[in-house]
Each structure stands twice: as C-alpha cells, then as structure tokens.
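The values are calculated or read from the model by the stated rules, or taken from the named source; none is laboratory data. For clarity, every value in this text was computed on a predicted model and none was experimentally measured. Positions of Cβ are generated from backbone atoms using ideal geometry, with glycine treated the same way; all protein chains shown enter the neighbour counts.
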C-alpha cells in the first residue's frame, strides 16, 4: 500500500515537472532537476522495497527460531518486530546458539555415561562368565570323574551364575524405575517394625562379619509411613548390607527415626571405614565402586545404592549421604508420614 502511494506521488511529480517545462519553455536546468528528482525517488523506492524484502525474510527466520525454542505442547506466540528487529533477531540467535551448545554438551556427557555404563556391564558380566567357562573346561577335561573336584566346581559355577542373575535382575529393576513401568503400591505400615524384620533377616550375615545391628533409641510406639512396603524393605536391606560389607573388624550399624513434620527421616549409620569426600557425589551411580579390589572380594552387583536412590526418588522423596574416612557413613532418606 505504502509503496503504491510512493509510486503515484513520484509519477505525479515527474509528469507535472515535464508539463511545466514544456509549456513555460524553461531553461535547460529544469530537465536536470526532473532527472535528479526521478533518480532520488527511484533510489528511495528501491531502498524501501529492498528493506521490506529483507525484513520479511528476517521475520521468517525470527519466527522459525521462536518455534524451535518452543517446548512440546507450547503454542507459538505472535512476534512483534516493529522496533529494532536486527537486535531482537541477534539476541534470539545468541540465545538459541547457547541452548544448542548446552544441549551438545549434555549429549556428550550422556554418551560418555553410556560408554562407561556399557564398559561396566561388560566388565561385571565378564568375570562370572570366564569363571563358569573355566569350571566347565576343567570338568570336561577329566574333573567330572573326580568326586573331589566335580561337586566343588559345579558349586562355584552355580555361584557365578547366581551373580549374573542378580546383576540382570538389578538392572531390570533400575530400568523399570527409570521408564516408569514399575508401579508403587503405597500403603500404611510401621517403619520401625519393617526395619526390625529386615535386621532379623540379615542378622546371620551381620554376626558372621562381627557387626551389631541395633536401633539408636528405644522405639516402643509404631511410626507409620505411607510407601511401597516391599520397595522400602529393599532400601533398608541394601543399606544394612552395604554397611556390613564396609565395616571394620568390629562394626556397629544403627537405625534411627526422626519426625520431620510431614515426613519421617530414616537414617542408617555405621562406624565403618568411611568414604572420601571426592567419591560421595558418585556413590549412587551404577557399578561405581570406591575400592574395586575390596568390592570384588566382598561381592555384590554394584547396583545396590543405585536401586536405593531410584526407589526413594520414585516416592518423590530424597536421600543423602555423609561420611568421614575412618569414622563411618550415614545414609538418610525421607518417607511421607501417615496417621
């Protein structure tokens, strides 16, 4: 619209000047004025047309950037580019570039994590597989006919198979939690009673390692929480077993409960070997081991603490750890209180 008005005005001016020159028989500078005016009008019209064309293209890019930045389900909003469009586009391009850089860094970290995870899985499964292979080869080469060897090697092979099964089962549990496939069946129960039953179930293992399992205080009254009872029993069991594995020659593990208004804080504390501060941020990672040589000796899948973290987070609760080398470690997690 604006362009057509400019064209009309320009043509009118040119025609008027031409008629004036023809009728009045002006001097020769009049055609020059006409040419100059025509040139200037043409220049400004061309400049206006080019700017309008460029702005339209920039507007398209601007809208495209906005659409790329929209999250899933978010509707695009109208973009006002009437003022300082170049600065606005530049700002959005910089923001978009920053987001892309952060996403690339995230994907790189994810790829490193994936590579490390696959390496850990391969390493954890390789040991029992090689053990089983060695036992079977020994039996096939004549050990099967020796009653002193065959039973021993078959029992060792069975333990290696059991270790592989435990690793696969633990990985399956973690995968179900991460994908949201594992449904929690929350119910009201006494957390003190559950802790007592769990301590009883692993009492033999504790005594074997010369570790005492006890409550920090006397809990005569029940403390009710609302959670998935089976999953929380696994949490307490994994934390107790972990404290037994990394205990001192004479160890002690205590369970305590604290009222936190809407939640109950449960702590599992030991006086074991403790963990250095640089390892604490990674304690809940799959297959992460502070001391790999010691971990191999005491067994375990290396997935216990990762499962614990996934269970607690699935309850929309938190878990934390504090530890000091040579003094001990305390794991604390919260559960919703139930009346």
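Here are the numbers:
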quantity: Options 153, 219: the member that is part of a loop (DSSP other than H, G, I, E, B), crowded, with 17+ Cβ neighbours inside 10 Å, more than 31 Å from the chain's Cα centre (by Cα) and modelled with pLDDT under 90; calculated: 219
quantity: Test: residue in the range 281-289 that is under 27 Å from residue 165 (Cβ atoms) and modelled with pLDDT of 90 or more; calculated: no
quantity: Residues satisfying the stated conditions in the range 247-268, i.e. over 19 Å from residue 316 (Cα atoms) and crowded, with 20+ Cβ neighbours inside 10 Å; calculated: 247, 251, 253, 255, 268
quantity: Per-region count, the range 324-339, residues in contact with a helix residue (DSSP H, G or I) (Cβ under 6 Å, 6 or more places away or on another chain) and farther than 15 Å from residue 266 by Cβ; calculated: 0
quantity: Boolean, residue 108 is loosely packed, with under 14 Cβ neighbours inside 10 Å, out of contact with any helix residue (DSSP H, G or I) (no Cβ under 8 Å at 6 or more places or on another chain), at pLDDT below 70 and not in a helix (DSSP H, G or I); calculated: no
quantity: Selection within the range 248-268 - in a strand (DSSP E or B) and more than 19 Å from residue 207 (Cβ to Cβ); calculated: 256, 257, 258, 259, 260, 263, 264, 265, 266, 267
quantity: Answer from 244, 280, 202 - the residue that is in contact with a strand residue (DSSP E or B) (Cβ under 8 Å, 6 or more places away or on another chain) and surrounded by 20 or more Cβ atoms within 10 Å (Cβ to Cβ); calculated: 244
quantity: Residue count for the range 182-199, restricted to those that are out of contact with any strand residue (DSSP E or B) (no Cβ under 8 Å at 6 or more places or on another chain) and in a strand (DSSP E or B); calculated: 0
quantity: Criterion: under 27 Å from residue 287 (Cβ atoms) and free of Cβ contacts under 8 Å to residues at least 60 places away in the same chain - qualifying residue of 230, 187; calculated: 230
quantity: Test: residue in the range 223-230 that is farther than 22 Å from residue 173 by Cβ and touching a strand residue (DSSP E or B) at 6+ places or on another chain (Cβ under 8 Å); calculated: yes
